[in-house]
1. Would you confirm whether any residue within segment 185-197 is touching a Phe, Trp or Tyr at 6+ places or on another chain (Cβ under 7 Å), in contact (Cβ under 8 Å) with a residue 24 or more places away in the chain, among the hydroxyl-bearing types (Ser, Thr, Tyr) and not in a helix (DSSP H, G or I)?
2. Within the set of pairs 6+ apart or on separate chains, which have a first residue in segment 252-275 that is closer than 15 Å to ALA71 by Cβ, a second that is among the charged types (D, E, K, R), and C-beta atoms under 7 Å apart?
3. From the residues in segment 51-64 that are more than 14 Å from the chain's Cα centre (by Cα) and not charged (D, E, K, R), which one is surrounded by the fewest Cβ atoms within 10 Å (Cβ to Cβ)?
4. Which one of these does ALA86 not meet: (1) in contact with a Cys (Cβ under 8 Å, 6 or more places away or on another chain); (2) at pLDDT 95 or above?
5. Which residues, counting only those in segment 120-155, are surrounded by fewer than 24 Cβ atoms within 10 Å (Cβ to Cβ) and among the small types (Gly, Ala, Ser)?
6. I'd like the full set of residues that are without any contact (Cβ under 8 Å) to a residue 40 or more places away in the chain and assigned to a loop (DSSP other than H, G, I, E, B), limited to segment 98-130.
7. Checking the condition within 11 Å of the chain's Cα centre (by Cα) and closer than 20 Å to LEU247 by Cβ, which residue from ILE100, ILE48, ILE67 passes?
8. For segment 248-266, does any single residue satisfy the condition of being at positive phi and under 19 Å from the mean Cα position of the chain (by Cα)?
Amino acid sequence: MEEKMLHKRIDIEINGNNTENCHPQLATYILDNYPSIDENRLRPAILICPGGGYEHTSDREAEAIAIQMNAMGFHAFVLYYTCAPAAVFPRQQLEAAKAIAEIRSHAEEWHINPDKIVVMGFSAGGHLAASIGAFYKKEFLCEPLQVKPEQIKPSGLVLCYPVITSGEMAHKGSFHALLGEKEEELKDFVSLEKQVTEDTPPAFIWHTYEDSSVPVENSMLYAAAMRKAKVPFELHIYPRGHHGLALASAETKSAKGGDAIVPEVQNWIEMAGRWIRNL
């Protein structure tokens, strides 16, 4: 019987190599096709970028999310991108773009619909996801990877309590970790509400009103910019819940405790799945 791949880790190499400090990996959660059901089915693929302030990748926003995507009939991939201090902008963006190119290049083998490759990001991972939506045409991504913009363009974005703005409502720690010594020089450039154009992919966005780490204005600013550029989006703001809820269920409750179970927020993933199907 032919071996089917469900779960493995793939090294993401930039310019053909990784350093000891930069060793990004792509964890795959790929569903099989079966002749008794539909052996030619093409499924959406979801690239998940966990949060962590660009200082680490949160386990709470990784595999548990991928399993939920699988349950909805989607292939899922988790990007464990390089974080500070090992890397600064645009290394993380290059890694995410390379992951998209890798997924799209295997579309036939992995039974992926190449027109439904969605990038989902949480917190700082939301910034990473949205930055690919902003910069996929830029030379600083395409030239080092030797790709065309259409190879790394997300079909859509799912942004979960995302870091967006470097302005008054910024999560300053994320921008410091992302930009390092070039923070003052580049912080306006990576304030993503300023980078939305008519070519930005559509987005599903959710946030909580009570988020005191990444204020809800981040999502509102991004949605307003999308509205101005006439790019479709779906925005949900929940009245209750702190930052970093992930699934907002016991499955992703932090070992450190805290009120991470918020039943009224748990429907976000079902609504996101419906949005992805309708892309």
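1. Checked segment 185-197: no residue is touching a Phe, Trp or Tyr at 6+ places or on another chain (Cβ under 7 Å), in contact (Cβ under 8 Å) with a residue 24 or more places away in the chain, among the hydroxyl-bearing types (Ser, Thr, Tyr) and not in a helix (DSSP H, G or I).
2. Listed by first residue and then by second, the contacts come to THR252/ARG60.
3. HIS56
4. ALA86 satisfies all of (1) in contact with a Cys (Cβ under 8 Å, 6 or more places away or on another chain); (2) at pLDDT 95 or above except (2).
5. If the condition is that a residue be surrounded by fewer than 24 Cβ atoms within 10 Å (Cβ to Cβ) and among the small types (Gly, Ala, Ser), then ALA134, SER155 are the ones that fit.
6. HIS106
7. Values: ILE100 fails: closer than 20 Å to LEU247 by Cβ; ILE67 fails: within 11 Å of the chain's Cα centre (by Cα).
Matching residue, one of ILE100, ILE48, ILE67: ILE48.
8. At the first step, the residues of segment 248-266 found to be at positive phi are 248, 257-258.
With the extra rule that they be under 19 Å from the mean Cα position of the chain (by Cα), the set shrinks to 248.
Yes, segment 248-266 has at least one match.
The values are calculated or read from the model by the stated rules, or taken from the named source; none is laboratory data. In this text, all values refer to a predicted model and were calculated from it rather than measured experimentally. Note: ideal-geometry Cβ built from the backbone for every residue, glycine included; neighbour counts use all protein chains shown.
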